[in-house]
Structure formats: C-alpha cells, structure tokens
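Since the structure comes first, as structure tokens, the remarks are kept for the end.
Coordinate-derived values only; no laboratory data. Model, not experiment: these values are computed from the prediction.
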Amino acid sequence: MPRSVWMLLKQSAIVFQKDLHLEFRTRYALNAIAMFAIITLTAVGFSIGPTRLSAVVQAPLLWIVLYFSAISGLSHVFIREEEQQTADTLRLALEPNAIYIGKWFFNVVLLFGLEIIIIPLFFIMMNARAESLEIFFPVVIIGSLGLVSVASFIAAIISLASTRGALFAVLAFPIALPILIAAIHGTRLAFEGAPFSDCLNDLKSLFSFTVIIITVSLLLFEFVWRK
Amino acid sequence: MKLVARDIEKKFNRRRVLTRINFELEGAASLVITGINGAGKTTLIKILSGLLSPTSGEVSYYLDNTAIPREQVYRHIGLVGPYLQLYRDLTAWENLAFFAKARTGGVDRQRILALLERFGLKGRQMDPLKSYSSGMLQRVKYVMALYDQPRVLFLDEPTSNLDEAGKQLVYEVVQAQKRDHIVIIATNEPEEIRLAEKRVDVA
C-alpha cells in the first residue's frame with residue numbers, strides 16, 4: 001500500500017475515533033435516529049394493527065423509515081463541526097479527504113448499529129418476514145452504504161449554509177432516489193422469496209451508484225470543505 | 001520557510017474587503033496586521049492560513065525553495081484565533097491528544113504536559129472544556145497551536161480573554177517564535193504591534 005494511502009487511512013481512523021468518542025459522550029445523532037425510527041415504526045405498527053401488509057407496501061415502508069432516520073441523524077457529523085465552530089480547527093489539522101472518509105465510516109457504523117435495532121423492530125411491528133435472506137442482507141447493506149454516502153456528502157455541502165434543515169431534505173432526496181428505487185425493488189423481491197438471480201440488476205445498480213457517489217464525493221470534497 | 005502573498009484581494013458578494021495585499025516573509029520574521037474593526041484582518045489571516053480562498057491573488061509557501069502544495073500547508077501552520085474552537089464536550093487532554101495525533105500521527109505526552117504547565121493548566125487537563133473559563137480556553141488553544149512547533153504561527157487577537165500573566169506568556173511565545181520562524185499577528189493593541197518588525201495595514 002502506498003505511504004500516502006496509508007497516511008490517509010490513519011488520519012481517517014483518528015477522525016472516526018474522535019467522532020465515535022464524541023457521540024458516545026453526547027449521543028446526539030444516536031438519539032435523533034433512534035427516536036425517529038422507533039416513533040415512526042410504533043405509529044405505523046399501531047395504525048395497521050394485526051393486518052399483514054403485502055411486500056409491495058412493506059418494502060417502501062422499510063426504506064422510508066431507513067431514509068428518514070438517515071436524514072435525521074447522519075448530517076450531524078458535519079453540521080456539528082460548523083455549529084460548534086470546530087470545522088476550521090479540523091481544517092488546520094487534517095487533509096480534507098481524511099476528514100470525509102473518517103466521517104463516512106462513522107456514519108456507516110452509526111447507521112448499521114441502529115439498523116440492528118430498527119430492522120428487527122420493523123419485522124415485529126409490521127408482522128413482516130424476509131423469505132429470501134440472501135437477497136435481503138446484500139440489498140440492505142449496499143443500500144445503506146449508498147444512503148450514508150449521499151447523506152455524508154450532502155451534509156458537508158449544507159453545513160456551510162444557513163438554512164440547513166430544509167436544504168438537506170431538498171438536496172438529498174433526488175440524489176438518493178436511484179438508491180431508494182433499487183433498494184425498494186430488491187427488498188420487495190426478498191419479502192416475496194424470489195430467487196437470488198432476480199435481484200442481480202438491483203444489486204448492480206445499488207453497488208454502481210454507491211461507488212459513483214463515493215468517488216464523486218472524494219473528488220469534490222476538498223472544494224466543498226475549503227471555503 | 002518562506003511565505004509570499006501576492007495581490008491578495010477578497011470580496012464578499014460585491015463588498016471588497018481586501019485590496020492588493022503584497023508581502024514576503026522568510027526565515028525568522030514577524031508581521032503585524034492592523035486595521036479598524038471590519039477592515040479584514042481576520043479575513044487576511046484566514047486566507048494566509050488556507051482557511052479561506054482569496055477572490056484573486058495568491059498565497060505561496062516555500063520550504064527549502066520548494067513550493068508546498070496547498071493541501072499540505074496546514075502541516076506547517078499553527079493558529080490561535082477567536083473563531084477556532086475546540087470540542088467542548090471533550091476534556092482538554094482528549095482535545096490535545098486528538099489534534100496531536102491528527103497533525104503528527106502520535107501523542108508526545110511529555111510535550112503536552114510541559115505546554116500545559118507552561119500555560120498554567122496542569123492539573124485541569126482531565127476537565128471537560130465546557131467547564132473552562134474563556135481565558136483558560138485561550139490558553140488551551142496556545143497549547144494546541146504550539147504542540148508541533150509550527151514554522152508559521154498566526155495569532156488573531158492574541159491576548160483576548162487573557163489576564164496579565166497570560167499576556168506576558170503570549171509575548172514570550174511571540175519572541176521565541178520570531179527568533180527562528182515566522183509569526184503573524186492581527187491586532188490593534190499598541191503593545192502587540194511593537195512585537196513585530198513588519199506591518200501591513202488593511203484599513
């Protein structure tokens with residue numbers, strides 16, 4: 001591995017550790033995501049009662065919960081730096097891409113950690129069942145990576161704006177739409193118990209779009225981060 | 001180390017803040033930036049330290065006659081200013097260890113402890129920064145900025161929030177820095193203006 005890449009990863013790990021440490025102390029994003037997900041799931045769960053919804057409805061419901069949970073919590077990593085005026089201090093300490101990668105990893109860990117709670121809760125509240133786990137897990141994992149990538153990059157852009165909340169939802173949705181469409185279709189196939197070969201196109205779309213977003217983010221982040 | 005500022009201009013929308021700022025500093029040098037409130041002292045410090053891009057003009061750093069790429073300049077810079085904040089939910093030690101690791105890859109505990117002692121903070125390093133007074137926070141910023149002995153030290157309102165002992169410490173820091181490296185101060189305080197050999201007025 002070239003020394004520059006090793007240095008970049010080492011610096012990213014330092015940012016990741018700092019954000020994790022700060023999150024464990026304040027539980028800012030953790031609480032925002034968990035509360036949103038639990039309240040939404042509970043409200044929908046009680047409203048449908050014992051009725052078992054079809055896969056066509058369950059799949060979008062799952063991704064609506066995941067998408068809005070991501071929106072409500074994942075932007076904090078950048079917004080907090082600007083609000084607490086620590087962003088300039090960070091700019092003087094680390095390379096821009098190390099900051100982006102570190103924060104991207106933090107968001108990945110945060111969302112995956114919460115999905116361990118949110119997804120089983122979804123299955124319980126919605127009386128749902130994934131018939132094909134070999135489709136469900138790759139779709140959720142790659143789809144979540146895509147959501148994190150979109151949310152992290154848009155958060156970096158909007159953290160410099162004054163109307164952050166509204167801008168985040170407006171900018172993130174159109175960019176996340178291809179991910180949501182492929183993820184919802186893939187999840188529906190998993191709920192219906194389709195064979196793995198049926199979801200290959202969805203997985204390819206999710207994977208390609210996630211790689212594109214990460215690549216574009218790494219190429220553009222320095223311009224976004226430097227004022 | 002050599003710092004060259006050439007034709008620096010900065011506009012915020014249509015409002016021009018800085019007009020054709022030019023200077024050159026090399027080796028052991030000191031510069032003071034003066035100007036009335038709102039004249040652009042902080043803007044110039046931010047541009048020189050790479051935190052802000054100029055509308056036109058160029059800031060270049062050279063080490064042994066080789067230009068330092070912009071994305072690497074931060075490694076040679078220390079900055080103390082009112083707009084640079086630390087993580088108030090972390091302790092002073094956690095903050096300093098984070099920035100030490102970020103800038104140098106490791107933590108020299110003895111160096112941090114020595115700086116904490118010099119700035120009168122030893123014994124309080126395990127307290128969260130949210131329990132610190134503004135003067136103590138200013139002292140922590142000095143510990144952070146001086147940790148890896150930067151070749152260029154920027155001080156924006158260097159003695160704000162500091163008591164008399166703190167001010168004397170800052171004057172010592174400036175004297176030590178300008179013996180070997182570059183120090184740039186943004187201030188209007190007569191005593192601080194006298195610390196530097198060169199002067200740029202942004203009024």
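Give me the extension gain from A:Leu177 to A:Val211: residue separation times 0.36 nm, minus the current Cα-Cα distance, reported in nm with one decimal.
Full extension of this stretch gives 10.7 nm more.
Note on the protein assembly as shown: antiparallel DSSP beta bridges, both residues inside, total approximately 50 percent of the bridges counted. Summed over qualifying helices (DSSP H, 4 residues or more, each -39500 (n - 2.57)) and divided by its residue number, chain A shows a 222 nm mean residue ellipticity of -29000 deg cm²/dmol.
Between the Cα long axis of helix A:133-158 and the first principal axis of chain A there is an angle of about 40°, rounded to the nearest 10.
As I understand it, the value is the acute angle between the Cα axis of helix A:55-73 and the longest principal axis of the Cα atoms of chain A; what does it come to in degrees, rounded to 10? Result, in degrees: 20. As I understand it, the value is the acute angle between the Cα axis of helix A:96-126 and the longest principal axis of the Cα atoms of chain A; what does it come to in degrees, rounded to 10? Once rounded, the angle reads 20 degrees.
The alpha carbon radius of gyration of the protein assembly as shown, expressed as a multiple of 2.2 N^0.38 Å, is 1.14.
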